[in-house]
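The values are calculated or read from the model by the stated rules, or taken from the named source; none is laboratory data. Note that the coordinates shown come from a computational prediction; the quantities given were computed from them, not determined experimentally. All Cβ positions, even for glycine, are placed from backbone atoms using ideal geometry, and neighbour counts span all protein chains on display.
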Amino acid sequence: MHPSIERVRAALAAASLDVEVVEFAESTRTAAEAAAAIGTTPARIVKSLVFLAGHSPVLVLASGANRVDTRKLAAACGQPVKRADAEQARAATGYVIGGTPPVGHTHPLPTYVDADLLAYDRVWAAAGTPNAVFAITPVDLVRLTAGRVLDLRADDEPAGSRQRTSSSSGRRLIRRRTSAGSRPSTRGGRTG
């Protein structure tokens, strides 16, 4: 298993969460790709985005269907914000863009959670690589990250406006549980 996925699994296990990491043969780098692979909608995908508030990195966990309103984020941070570039994001989290999880970062980051994610019973987040994800309840996501829940959706975008339903039957995936002593198994088919 990739060391980045192991770091995520360790962070989840340390929080006493028995969460399954799913690795896909195809990319889950974007919200649309992840939703298609999982068989869900982009709104249920957690985008882990790094911004700079002044010179300090902050993490935003946004619904895959939403664009982040940087004015709202700046108001919450108390200073201007801008999107971190790939190098800055990796330095802040230890992960590549497209695989950045909400936990297991090299440094703790102030975290802001898109309120739209709380509308779902389960959401999917990156698990350390651009083809690994895990499902989590929004309540556990907020608890795990100590995130501050905010309305971060750009006002010109209605909730879930970019949702798409995708089918992923026949996709190969590998399931791994974070609980001690469980064995990985390979299964085909759709999840979600």
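Annotations
- Subset of the stretch 74-99 [of a type in the set (A, V, I, L, M) and either under 18 Å from the mean Cα position of the chain (by Cα) or outside any helix (DSSP H, G or I) (or both)]: 81, 84, 86, 89, 91, 92, 96, 97
- A Cβ distance below 8 Å, combined with a sequence gap of six or more or placement on separate chains, defines the contacts here; from the stretch 24-42, residues that are over 14 Å from residue 131 (Cβ atoms) reach residues that are of a type in the set (S, T, N, Q) and crowded, with 23+ Cβ neighbours inside 10 Å in the pairs 42/63.
- Of residues in the stretch 1-10 being closer than 14 Å to residue 99 by Cα and out of contact with any Asp or Glu (no Cβ under 9 Å at 6 or more places or on another chain), the one surrounded by the fewest Cβ atoms within 10 Å (Cβ to Cβ): 3
- Single residue of 128, 94 found to be on the phi > 0 side of the Ramachandran plot and either free of Cβ contacts under 8 Å to residues at least 60 places away in the same chain or surrounded by fewer than 19 Cβ atoms within 10 Å (Cβ to Cβ) (or both): 94
- Meeting the requirement of 2 or more residues that are at pLDDT 50 or above and more than 12 Å from residue 45 (Cα to Cα), the strands (runs of 3 or more DSSP E) wholly within the stretch 100-192 are 111-114, 148-150.
- Contacts under 8 angstrom Cβ, first residue in the stretch 47-68 being farther than 13 Å from residue 111 by Cβ and at pLDDT below 95, partner in a strand (DSSP E or B) and among the hydroxyl-bearing types (Ser, Thr, Tyr), 6 or more apart: none
- Filtering the stretch 7-23 to residues that are in contact (Cβ under 8 Å) with a residue 12 or more places away in the chain and either among the hydrophobic types (A, V, I, L, M, F, W, C) or out of contact with any Lys or Arg (no Cβ under 9 Å at 6 or more places or on another chain) (or both) leaves 7, 8, 10, 11, 12, 13, 15, 17, 19, 21, 22.
- Within the stretch 95-114, if we keep just the residues that are in contact with a strand residue (DSSP E or B) (Cβ under 6 Å, 6 or more places away or on another chain) and of a type in the set (S, T, N, Q), the residue that is farthest from residue 79 (Cα to Cα) turns out to be 100.
- Residue match in the stretch 91-106 (condition: farther than 24 Å from residue 20 by Cα and touching a helix residue (DSSP H, G or I) at 6+ places or on another chain (Cβ under 8 Å)): no
- Applying the criterion of being hydroxyl-bearing (Ser, Thr, Tyr) and surrounded by fewer than 17 Cβ atoms within 10 Å (Cβ to Cβ) to the residues of the stretch 11-70, the residue that is nearest to residue 103 (Cα to Cα) is 16.
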